[in-house]
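S.K.: Okay, here's the structure, questions in a sec.
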Amino acid sequence: MILEGSFLATIVKMSDKLKRVTTPNPAPTSAHELANDLATAFRGYPAGVAILTTMGAAGPEGLTVSSLASVSVVPAVVSVSLGNGSTTLATLTEESRVIVHMLDADRADLADDFAVPGADHFAGTEWAPSAEGAPRLEMQGPILHGFVQSMTDTGSATLIAVTIDRIEAGNCHAPGLVRMAREWHEIPR
């Protein structure tokens with residue numbers, strides 16, 4: 001009986017300590033305020049820069065992305081997030097062939113060109129169709145070839161999972177290109 005009492009006393013003491021340590025959830029933030037805070041937080045977060053290209057019915061499409069992320073190594077899967085108003089997104093379906101061009105610092109000009117919504121990104125840009133038919137830009141950085149595995153609408157954007165089936169390693173030693181505070185920055189590799 002004494003053992004049980006001391007065990008219960010210990011549990012009660014631990015419970016009292018937990019009550020003192022926990023804090024109530026903060027007051028809810030408005031969606032607009034939260035969106036602004038999130039955008040501000042990510043403006044100061046450096047992100048690698050890539051260009052995603054695909055072949056649409058009307059010709060090649062592409063855009064600059066800074067949302068590229070490695071999802072899985074086996075199988076090889078990456079993800080990107082595209083705004084729901086994107087013309088490139090409008091051409092994509094599951095199984096669409098895509099190419100992710102990981103940019104070196106010396107290709108900030110290409111990142112600028114492909115970041116302009118609605119522009120003819122391929123005018124004056126050297127490219128050729130890959131063996132699978134997607135537009136491959138002439139560049140030195142790593143190039144990931146794959147197909148759209150899934151598309152998930154997340155509100156104002158769509159999360160695209162891309163299964164990678166071929167990689168051109170390219171020059172992995174040139175300085176990399178990142179986006180931070182609405183500017184391009186060069187980083188050593």
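The values are calculated or read from the model by the stated rules, or taken from the named source; none is laboratory data. On a predicted model such as this, the values are computed, not experimentally measured, just so you know. In this analysis, Cβ positions are derived from the backbone assuming ideal geometry, glycine residues included, and neighbour counts consider all displayed protein chains. Only protein heavy atoms, including side chains, enter the accessible area calculation; ligands, DNA and RNA are left aside. Shrake-Rupley method; radii C 1.70, N 1.55, O 1.52, S 1.80 Å.
S.K.: Take the alpha carbon gyration tensor of the stretch 122-189, find the square roots of its eigenvalues, order them as a ≥ b ≥ c, and report rounded if a/c is under 1.5; if not, report prolate when a/b exceeds b/c, else oblate.
M.R.: On the way: a/c = 1.62, a/b = 1.10, b/c = 1.47.
It is oblate, given that a/c is not under 1.5 and a/b is not larger than b/c.
S.K.: Right, here's the next one. Shape of the chain from its Cα gyration tensor (a ≥ b ≥ c, root eigenvalues): rounded if a/c is under 1.5, otherwise prolate when a/b > b/c, or oblate?
M.R.: Working: a/c = 2.46, a/b = 2.27, b/c = 1.08.
Since a/c reaches 1.5 and a/b is larger than b/c, the shape of the chain is classed as prolate.
S.K.: Another question about this same structure. Would you work out which of Leu110, Ala134, Gly146 lies farthest towards the positive end of the dipole of the stretch 47-181? Charges go on Cβ: Lys and Arg +1, Asp and Glu -1.
M.R.: Value computed over the given set: Gly146.
S.K.: Divide by every residue of the chain the summed helix terms, -39500 (n - 2.57) for each DSSP H run of at least 4, and state the resulting mean residue ellipticity at 222 nm, rounded to the nearest 500 deg cm²/dmol.
M.R.: Numbers: 4 runs with 45 residues, N = 189.
That calculation yields -7500 deg cm²/dmol at 222 nm.
S.K.: Taking the Cα centre of the stretch 47-181 as origin, work out the dipole magnitude from +1 charges on Lys and Arg Cβ and -1 charges on Asp and Glu Cβ, in debye rounded to 20. Don't skip to the answer; put the middle values down first.
M.R.: Numbers: 5 positive and 15 negative charges, 54 e Å.
So the magnitude is around 260 debye.
S.K.: Among Gly62, Gly170, Gly141, which one shows the highest mean-square fluctuation when the chain is modelled as a Gaussian network with alpha-carbon springs under 10 Å?
M.R.: Checking each option, the largest mean-square fluctuation is seen for Gly170.
S.K.: Among Val65, Val74, Val148, which one shows the biggest mean-square fluctuation in a GNM of the chain, springs joining Cα atoms closer than 10 Å?
M.R.: Val74
S.K.: Using a 1.4 Å probe on the protein heavy atoms, what percent of the accessible area of the chain belongs to carbon and sulfur? Intermediate values should be presented prior to the final figure.
M.R.: Details: 6990 of 11570 Å².
For the chain, the apolar C and S fraction of the accessible surface comes to 60 percent.
S.K.: With point charges of +1 on the Cβ of Lys and Arg and -1 on the Cβ of Asp and Glu, referenced to the Cα centre of the stretch 47-181, which listed residue (Val71, Ile99, Val49) lies farthest in the positive direction of the dipole?
M.R.: Final value for the positive-end residue is Val71.
S.K.: Figure the gain on full extension for Ala76 and Ala131 (residue separation times 0.36 nm, minus the Cα-Cα span) and round it to one decimal in nm.
M.R.: Values: separation 55, 0.36 × 55 = 19.80 nm, distance 1.93 nm.
Length difference between fully extended and current span is 17.9 nm.
S.K.: Also, quick follow-up: Taking the dipole about the Cα centre of the chain, with the C-beta of Lys and Arg at +1 and of Asp and Glu at -1, give me whichever of Gly155, Asn84, Leu34 is farthest to the positive side.
M.R.: It is Leu34, whose Cα lies furthest towards the positive end.
S.K.: Name the residues of the stretch 119-155 whose amide N is less than 11 Å from a point 7 angstrom out from the Cα of Asp109 along the C-beta direction?
M.R.: 125-126
S.K.: When only the heavy atoms of the protein chains count and the probe is 1.4 Å, how do Ile143, Ile167, Ile187 rank by accessible area, highest first? Working shown, then result.
M.R.: Values: Ile143 0, Ile167 110, Ile187 75 Å².
Ranking Ile143, Ile167, Ile187 by accessible area, largest first, yields Ile167, Ile187, Ile143.
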